[in-house]
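Read the structure below first, then the notes.
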Amino acid sequence: MKLTTKLLSATAICAASSAAAVDLEVTHWWTSGGEAAAVSKFAEAFNATEHTWVDGAIAGSGGTARPIIISRILGGDPMGATQLNHGRQAEELIEAGLLLDLTDVAEAEGWKDIVNPPSLLDACTVDGRIYCAPVNIHSWQWIWLSHQAYADAGIDVPSNWDEFVASAPALEAAGKIPLAMGQQPWQSSGAFGVMAVAIAGPDAWAAVNNDKNAEVAAGPEYAAVFEAAANARAFAANSNVQDWNQATNLVITGQAGGQIMGDWAQGEFQVAGQVAGEDYTCLPGLGVNEIISTGGDAFYFPVQDDADVEAAQKELAALLLSPQVQVDFNLAKGSLPIRGDVDLMAANDCMKKGLEILAAGNILKDGSQSLTPDTTSQIEDLMVEFWNDPSITAEDAQSRYAAIIAEAD
């Protein structure tokens with residue numbers, strides 16, 4: 001799709017969009033097969049304008065990339081645009097005046113009318129001004145199950161978490177890893193969050209994450225979550241991989257029964273040529289509570305001294321939310337579009353499940369929109385210890401978790 005000056009002529013940024021051609025460096029951490037296929041859709045669309053997308057992929061996860069991104073911005077070497085998760089990660093950069101105000105773009109393009117759910121745009125808004133362009137809805141609330149692994153084990157594919165737990169012995173007897181889990185801290189922490197929503201329930205999760213209620217975190221609902229996490233820890237004991245997509249590959253190749261991972265895993269299944277409902281099953285909310293969190297990715301634009309660069313930044317911001325780009329990117333990424341007025345007839349069964357849940361309003365905010373980076377880091381550290389040290393009991397881990405929530409702001 002070529003975003004022309006004519007397309008922007010009705011907006012307040014038309015004059016900016018007709019500025020000189022710019023090579024715009026864009027940093028992100030989308031480097032797996034499925035992610036690379038998706039981000040190429042953004043690059044192709046931007047390169048169809050007078051500008052050039054200069055890819056600044058940073059290998060590793062967001063936890064690896066974010067400190068590098070933030071360090072460059074703080075150090076006076078800003079990129080033209082950068083991926084971050086919309087939420088509280090950019091608060092200090094905004095407060096320091098280091099990120100471009102996109103309010104004029106958002107108003108000209110009508111973002112308040114098209115971004116769904118509105119919380120995604122709210123997460124980009126500080127003191128009434130908009131500082132990021134949300135590009136997708138990513139939900140953590142999924143478990144992915146390998147049909148091959150279950151066929152080899154001679155048992156049916158589970159339909160919920162309890163059935164998954166019951167299937168573990170048969171998988172192990174067949175030489176399978178019940179649960180694939182990489183070693184990056186955010187993976188175990190994210191899986192814990194999925195179990196919290198599914199097992200403790202959305203109300204208890206919201207009390208802990210939104211209201212910072214330490215009593216609920218220490219109570220019986222979360223005791224059941226930590227018991228489930230202890231089971232998951234045992235199921236993943238032989239999952240000796242590092243990256244999340246390596247764990248996904250264990251499911252794709254039938255070496256593991258399942259993986260708790262966000263809907264970005266769909267991109268890996270798609271690249272591998274697998275078909276939802278035939279080669280793998282996806283269970284939103286672990287088949288217990290069919291609800292999705294509405295986190296995701298957004299692009300921020302560091303302040304530049306060059307007016308031509310700023311014009312190109314605003315043109316890219318508008319382009320990212322344009323209808324065809326939203327379709328192309330999200331179909332490749334496995335995420336849901338942030339606008340509900342686009343044609344997704346080509347969506348696979350898992351994406352359709354997510355769209356149905358979204359349409360029904362069974363959603364909750366992502367934890368990154370409620371917890372500070374410091375609190376998130378403390379929880380990740382606890383989960384790394386818990387998942388790697390079987391001597392830490394569920395009770396001890398819950399007590400430490402509740403103490404973190406008690407101190408959260």
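For segment 337-353, a residue qualifies if it is of a type in the set (Asp, Glu) and part of a loop (DSSP other than H, G, I, E, B), and the qualifying residues are 341, 343. For segment 364-397, the set of residues classified as modelled with pLDDT under 90 and in a loop (DSSP other than H, G, I, E, B) consists of 365, 366, 370, 371, 372, listed by residue number. For the criterion of being free of Cβ contacts under 8 Å to residues at least 24 places away in the same chain and in contact with a helix residue (DSSP H, G or I) (Cβ under 6 Å, 6 or more places away or on another chain), residue 327 fails.
Of the residues in segment 267-284, at least one is open to solvent by 10 Å² or more (accessible area, probe 1.4 Å) and at positive phi. Taking segment 302-323 as the range and being surrounded by fewer than 20 Cβ atoms within 10 Å (Cβ to Cβ) and within 21 Å of the chain's Cα centre (by Cα) as the test, the residues that pass are 322, 323.
Identify, please: which residue in segment 130-176 is within 30 Å of residue 117 (Cα to Cα) and of a type in the set (Ser, Thr, Tyr) and is, among those, surrounded by the fewest Cβ atoms within 10 Å (Cβ to Cβ)? Filtering first and then ranking leaves 159.
From the list 226, 299, the lone residue that is part of a helix (DSSP H, G or I), out of contact with any His (no Cβ under 8 Å at 6 or more places or on another chain), modelled with pLDDT of 95 or more and open to solvent by less than 10 Å² (accessible area, probe 1.4 Å) is 226. Whenever a residue of segment 289-311 is within 30 Å of residue 190 (Cα to Cα), its partners that are among the acidic types (Asp, Glu) and crowded, with 23+ Cβ neighbours inside 10 Å, lying with C-beta atoms within less than 9 angstrom and at least six residues away or across chains, give the pairs 292/263; 293/366; 294/366; 295/366; 296/366. Going through (1) touching a helix residue (DSSP H, G or I) at 6+ places or on another chain (Cβ under 8 Å); (2) within 30 Å of residue 269 (Cα to Cα); (3) open to solvent by less than 20 Å² (accessible area, probe 1.4 Å); (4) not small (Gly, Ala, Ser) one by one, residue 102 falls short only on (2).
If you go through segment 287-323 and pick out every residue that is among the hydrophobic types (A, V, I, L, M, F, W, C), closer than 26 Å to residue 119 by Cβ and out of contact with any strand residue (DSSP E or B) (no Cβ under 7 Å at 6 or more places or on another chain), you end up with 3.
Residues that are assigned to a helix (DSSP H, G or I) and under 17 Å from the mean Cα position of the chain (by Cα) were ranked within segment 354-363; the one that is surrounded by the most Cβ atoms within 10 Å (Cβ to Cβ) is 354. Residue 274 meets the stated requirement of being outside the structural domain of residue 102 (by TED's automatic domain parsing), assigned to a loop (DSSP other than H, G, I, E, B) and farther than 22 Å from residue 361 by Cα.
The residues of segment 191-200 that are open to solvent by 10 Å² or more (accessible area, probe 1.4 Å) and of a type in the set (Gly, Ala, Ser), listed by number, are 193, 200.
I'm trying to understand the selection: among the residues of segment 187-218, which are within 22 Å of residue 390 (Cα to Cα) and not hydroxyl-bearing (Ser, Thr, Tyr)?
Correct list: 187, 190, 191, 192, 193, 194, 195, 196, 199, 217, 218.
Looking only at residues of segment 398-409 that are in a helix (DSSP H, G or I) and small (Gly, Ala, Ser), we find that the one that is farthest from residue 117 (Cα to Cα) is 399.
Of everything in segment 364-378 that is among the charged types (D, E, K, R) and touching a residue at least 40 places away in the same chain (Cβ under 8 Å), the residue that is surrounded by the most Cβ atoms within 10 Å (Cβ to Cβ) is 366.
Of the set (1) open to solvent by 30 Å² or more (accessible area, probe 1.4 Å); (2) of a type in the set (S, T, N, Q); (3) touching a Phe, Trp or Tyr at 6+ places or on another chain (Cβ under 9 Å), all apply to residue 293 but (1). Selection of segment 50-78 for residues being under 14 Å from residue 317 (Cα atoms) and open to solvent by less than 10 Å² (accessible area, probe 1.4 Å) yields only 51.
Counting only helices (runs of 4 or more DSSP H) that fall entirely inside segment 68-187 and contain at least 2 residues that are closer than 26 Å to residue 353 by Cβ and touching a residue at least 40 places away in the same chain (Cβ under 8 Å), the qualifying elements are 118-122, 147-153, 161-173.
The values are calculated or read from the model by the stated rules, or taken from the named source; none is laboratory data. Nothing here was measured: the structure is a model prediction, and the numbers come from that model. Glycine also receives a Cβ, built like all others from the backbone with ideal geometry; neighbour counts cover every protein chain displayed. Heavy atoms of the whole protein, side chains included, go into the accessibility calculation; ligands, DNA and RNA do not. Shrake-Rupley method; radii C 1.70, N 1.55, O 1.52, S 1.80 Å.
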